[in-house]
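> Below is a structure I'd like to ask you about.
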Amino acid sequence: MLDDCLAGHAADRLPAELLTDECARALFGVLVEGLADRFEPALCDIYARLFSQALPGADLARYERVRLPRPVCCDPRRVYVLSRITLGADIAVTSVLMDAAKRRFPDAPIVFVGPHKNYELFAADARVTHAPIEYRKGTLHDRLAAAREIAGIVDDLVLDPDSRLTQLGLLPVGDETRYHLFESRRYGGESHEALPVLAARWAATTLGVTDAKPYIAVRHEPVVLPTEYIAVSLGVGENPAKRLPDPFEPELLKLLGARHPVVIDRGAGGEERARVERAVAAAGVAPTYWDGSFAGFASIVSGARLYVGYDSAGQHAAAAAGVPLITIFAGWAAPRMFDRWRPVAPTATVIRCDSPDPEAALSAVHDVFR
């Protein structure tokens, strides 16, 4: 089905067998993300048409109205900002809308609606409160439950940064006149601009605030760290296409460890943790490990001399904190995905890997240090 959609031959509707519990992970992981990751306006229309028929409660007519940017019409008592669910997206996109909302409405509480681990990225911001909502990546029913919960919470202005909580705006939450959707997959058209830039432009149109920027406000962890260090993450957000094959990771750690002490995120567990430990052993370095939350690691990143990692949440935390960074960017679904998700900061070096070539990537990292 994804291939047919990309070729311009989309079906009229989703087959019923794709809407079963057994197919939910593939339906969203392959089809929904496959359509979204290409940032093609025509694919947004295909997604809306197919899934408005398939998702109980979806409202295509409303979606067509709210996808059009328009100024906020009145001052709210509070502002609800929905999580994008993935940590990197909440820094690169959601935080831009939060920054603009705080400046536009200095007396209104900003309510972050989403998981606790995402809220931790902003927990030190006194302007931000939390409405906890979990997004469960299980059955179709599980994935739709969040929108029903949100509908019982929001009672004022809602800013939706293209959230999975509303299935990218298809599931209605709140009063339509006070709901604003940043359709990030469509906004910007065929430009090469990055998502933080586009989110700031949308915020200028919608909230009248110019130059909104990504930010994090994390509580600092009581951990003993070297005086100067390089923060490293080898995480790839469950997308193995984003990493480079061996011996890239151990050679990278060896290169970095020869310059400064390394503090490395050991990962959430499973394959990533084992891969990090293998790379450390093969490199012969003795890093400081971080085993806690991502917000805790973001705190470590904010104090680093340099951050190095793949295309993942760490790069956006470093960019938001103004920390120099090197991103090894591989495995994108389409060129515009690279354009949209690259970190935006004057201190960012993005190594674009058009092919999985460890030697070329290591050479490019070497060049940064020259």
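> Kindly state which helices (runs of 4 or more DSSP H) lie completely within region 271-357 and contain at least 2 residues that are in contact (Cβ under 8 Å) with a residue 12 or more places away in the chain and among the basic types (K, R).
Hits in region 271-357: 335-341.
> Anything in region 172-187 that is in a loop (DSSP other than H, G, I, E, B), open to solvent by less than 10 Å² (accessible area, probe 1.4 Å) and under 16 Å from R78 (Cα atoms)? List them, or say none.
Scanning region 172-187 gives a single hit, V173.
> A further question follows. With the structure loaded, tell me whether T86 is out of contact with any Lys or Arg (no Cβ under 7 Å at 6 or more places or on another chain), of a type in the set (V, I, T) and closer than 26 Å to T327 by Cα or whether it fails that test.
yes
> List the helices (runs of 4 or more DSSP H) that sit entirely inside region 56-170 and contain at least 3 residues that are open to solvent by less than 10 Å² (accessible area, probe 1.4 Å).
Passing ranges, in order: 95-104, 140-151.
> Residues being under 21 Å from the mean Cα position of the chain (by Cα) and either open to solvent by 40 Å² or more (accessible area, probe 1.4 Å) or without any contact (Cβ under 8 Å) to a residue 60 or more places away in the chain (or both): count how many of those fall in region 12-31.
Total satisfying the criteria: 5.
> Just one of L234, L253 is closer than 27 Å to K137 by Cα, open to solvent by less than 10 Å² (accessible area, probe 1.4 Å) and out of contact with any Cys (no Cβ under 6 Å at 6 or more places or on another chain); which is it?
L234
> Let me ask something else. Among the residues of region 114-143, which ones are of a type in the set (K, R), under 30 Å from L18 (Cα atoms) and either in contact (Cβ under 8 Å) with a residue 12 or more places away in the chain or touching a strand residue (DSSP E or B) at 6+ places or on another chain (Cβ under 6 Å) (or both)?
K137, R143
The values are calculated or read from the model by the stated rules, or taken from the named source; none is laboratory data. Bear in mind that the values here come from a model prediction, so they are computed numbers and not experimental data. Glycine also receives a Cβ, built like all others from the backbone with ideal geometry; neighbour counts cover every protein chain displayed. In case anyone asks, the SASA skips ligands and DNA or RNA and just uses the protein heavy atoms, side chains included. Shrake-Rupley method; radii C 1.70, N 1.55, O 1.52, S 1.80 Å.
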